[in-house]
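This report concerns only the one structure given below.
The values are calculated or read from the model by the stated rules, or taken from the named source; none is laboratory data. Bear in mind the structure is a predicted one, so any value in this text is a computation, not a measurement. Note that we place each Cβ from the backbone using ideal geometry, even for glycine, and neighbour counts take in every protein chain shown. The accessibility values were calculated without ligands, DNA or RNA, using every heavy atom of the protein model including side chains. Shrake-Rupley method; radii C 1.70, N 1.55, O 1.52, S 1.80 Å.
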Amino acid sequence: MSSLSASFVQIKFDDLQFFENCGGGSFGSVYRAQWKSQDKEVAVKKLLKIEKEAEILSMLSHRNIIQFYGAVLEPPNYCIVTEYAAGGSLYDYINSNRSEEMDMDHIMAWATDVAKGMHYLHMEAPIKVIHRDLKSRNVVITIDGVLKICDFGASRFHSHTTHMSLVGTFPWMAPEVIQSLPVSDTCDTYSYGVVLWEMLTREVPFKGLEGLQVAWLVVEKNERLTIPSSCPKSFAEMMRQCWEADAKKRPSFKQIISNLESMANDSKLPDQCNSFLHHKAEWRCEIEETLERLKKLERDLSFKEQELKERERRLKMWEQKLTEQSHTPLLPSFDICSWTEDDVYFWMKQLVKKGDASEEQSGYASVFKEHHITGKQLLLLRESDMKDMGIVSRGHIIYLKTAIEMLTHDYLTLFHFPPLTKNSEEENKGNEEKLVNLDLVFGYHLKPGTSSKDCKWKMYMEMDGDDIAIAYIKDVTFNTNCPDVEVLKMTKLFEGQLHSYSKKTCSAFASVEILDLRHF
């Protein structure tokens with residue numbers, strides 16, 4: 001603390017007489033007070049501890065930067081003492097009846113005051129300072145109507161770091177500050193654009209929206225404050241430039257000051273600006289309409305978040321039920337088609353462990369991994385494939401095929417799990433047809449026998465298509481024209497065949513039931 005006291009005037013806490021609270025700054029409350037020994041009215045910010053703000057303020061001296069007098073360093077009393085601005089904050093002025101007096105000259109003078117103060121911080125101060133919390137509450141009005149930038153609690157020396165933690169107030173914060181990304185001095189340019197918008201519209205930015213809602217809209221939806229259609233083009237263009245998502249495209253304060261000087265020489269601008277200011281009732285509805293749209297957008301998001309939570313809850317219930325009722329082992333994930341070789345190995349180890357398998361069966365997990373079996377290949381595995389892999393026991397093959405069939409059943413059940421409610425655009429998109437090319441081959445084998453009673457026939461269907469095409473066939477039914485025919489049906493999905501047997505000769509036809517492809 002001694003190093004701090006050496007860099008600025010140390011004021012005794014007892015030398016201050018406190019009056020009313022006149023606002024809250026970054027990390028502290030601000031009071032109007034009397035510096036008794038100097039007979040001076042001051043503003044005092046009470047802090048839990050002194051950090052960078054006093055050091056920064058002690059190095060600054062500019063007409064549009066609040067004047068720093070000293071600090072109190074008496075634990076637990078830590079305070080920063082600055083000049084007192086009797087006019088209050090710009091925010092309070094804009095949102096009071098006094099703002100109805102504002103005209104073009106008023107706005108130009110104040111916009112220039114703030115721009116010059118920020119240009120000093122960025123380019124002319126002993127060390128470059130990024131404010132990071134520029135907003136109308138942190139701009140005060142002196143008794144003679146000059147604007148001064150204050151509250152440097154969130155500020156940093158530019159040379160110390162360009163990666164900022166989340167500080168500031170969301171409606172004024174640049175997207176990169178909201179995301180705690182590396183920043184440059186143009187993050188203050190973004191905030192300046194919001195302050196300029198406040199002075200022109202005399203409205204609260206993003207009124208009625210919570211901070212995190214604003215953050216989501218600015219970052220995720222690239223939303224910005226509404227610039228009324230009748231706003232003078234030069235002001236509208238300046239605000240749009242300040243709010244560029246790409247920080248490099250935003251103007252410096254030197255450019256802003258130059259633009260303001262050019263605008264001051266535009267003979268048509270005063271009439272345009274004053275007409276805009278005095279006809280607020282005509283364009284205020286544009287801002288209100290945008291706010292309603294943004295609120296609806298946020299409500300829709302909240303509704304979908306609730307739906308997502310409900311779906312997640314139902315998924316967990318479904319998972320628990322599946323685990324309790326199914327004889328399948330623990331699954332690496334329910335998206336079986338995305339399983340890697342390691343996922344299949346894990347599933348196989350669980351399978352043979354659950355089945356209290358023999359030593360020979362225990363080695364099948366390694367066999368599957370050696371043959372690079374993935375989840376998609378697992379679902380399509382045939383008996384002949386298992387034999388080629390070296391699994392010769394008929395009992396073991398049946399055991400594995402049964403487990404895979406149950407796994408496929410669970411997989412198709414998950415396909416039909418209810419999705420989130422879709423909006424109208426998504427519903428229209430969901431109703432579009434999805435084409436899946438499948439090659440279906442139908443045939444029969446006939447064994448005549450010695451008489452009609454011992455004739456046998458077999459109808460079959462085989463399919464071909466993409467690797468997972470078999471999953472789209474739900475069932476195949478063979479129907480005969482003989483009502484008294486006994487039909488024995490056997491399904492072998494994993495060999496891509498469906499067979500029906502009959503003991504009598506008769507004509508037949510087949511119908512194929514396809515799964516609802518909108519779920520895929």
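On the stretch given as the range 184-204, residues that are open to solvent by 10 Å² or more (accessible area, probe 1.4 Å), within 16 Å of D246 (Cβ to Cβ) and touching an Asp or Glu at 6+ places or on another chain (Cβ under 9 Å) total 2. A single member of L57, L90, L48 is more than 26 Å from D144 (Cβ to Cβ) and not aromatic (F, W, Y), and it is L48.
All but one of (1) of a type outside the set (F, W, Y); (2) in a helix (DSSP H, G or I); (3) over 24 Å from I178 (Cα atoms); (4) open to solvent by less than 90 Å² (accessible area, probe 1.4 Å) hold for A281; which doesn't? Unmet for A281, out of (1) of a type outside the set (F, W, Y); (2) in a helix (DSSP H, G or I); (3) over 24 Å from I178 (Cα atoms); (4) open to solvent by less than 90 Å² (accessible area, probe 1.4 Å): (4). Across the range 220-249, the number of residues qualifying as in a helix (DSSP H, G or I), more than 15 Å from S191 (Cβ to Cβ) and of a type in the set (A, V, I, L, M, F, W, C) comes to 2.
In the range 105-141, the qualifying residues are those that are of a type outside the set (D, E) and in a loop (DSSP other than H, G, I, E, B), and the one that is surrounded by the most Cβ atoms within 10 Å (Cβ to Cβ) is L134. The set of residues from the range 89-100 being over 24 Å from M59 (Cα atoms) and either part of a strand (DSSP E or B) or touching a Gly at 6+ places or on another chain (Cβ under 8 Å) (or both) comprises just one member, Y93. Considering every residue within the range 409-418, establish whether at least one is part of a loop (DSSP other than H, G, I, E, B), surrounded by 12 or more Cβ atoms within 10 Å (Cβ to Cβ) and at pLDDT below 60. Taking every residue of the range 409-418 in turn, at least one turns out to be part of a loop (DSSP other than H, G, I, E, B), surrounded by 12 or more Cβ atoms within 10 Å (Cβ to Cβ) and at pLDDT below 60. Is it true that D92 is in contact with a strand residue (DSSP E or B) (Cβ under 9 Å, 6 or more places away or on another chain) and more than 23 Å from A111 (Cα to Cα)? No.
Taking R240 as the residue in question, decide whether it is among the charged types (D, E, K, R) and open to solvent by less than 30 Å² (accessible area, probe 1.4 Å). Criteria not met by R240. When the range 338-362 is limited to residues that are exposed (fewer than 15 other Cβ atoms within 10 Å of the Cβ) and under 19 Å from K401 (Cβ atoms), the one that is modelled with the lowest pLDDT turns out to be D356. Exactly one residue out of I56, I65 is out of contact with any Asp or Glu (no Cβ under 9 Å at 6 or more places or on another chain) and modelled with pLDDT of 95 or more: that is I65.
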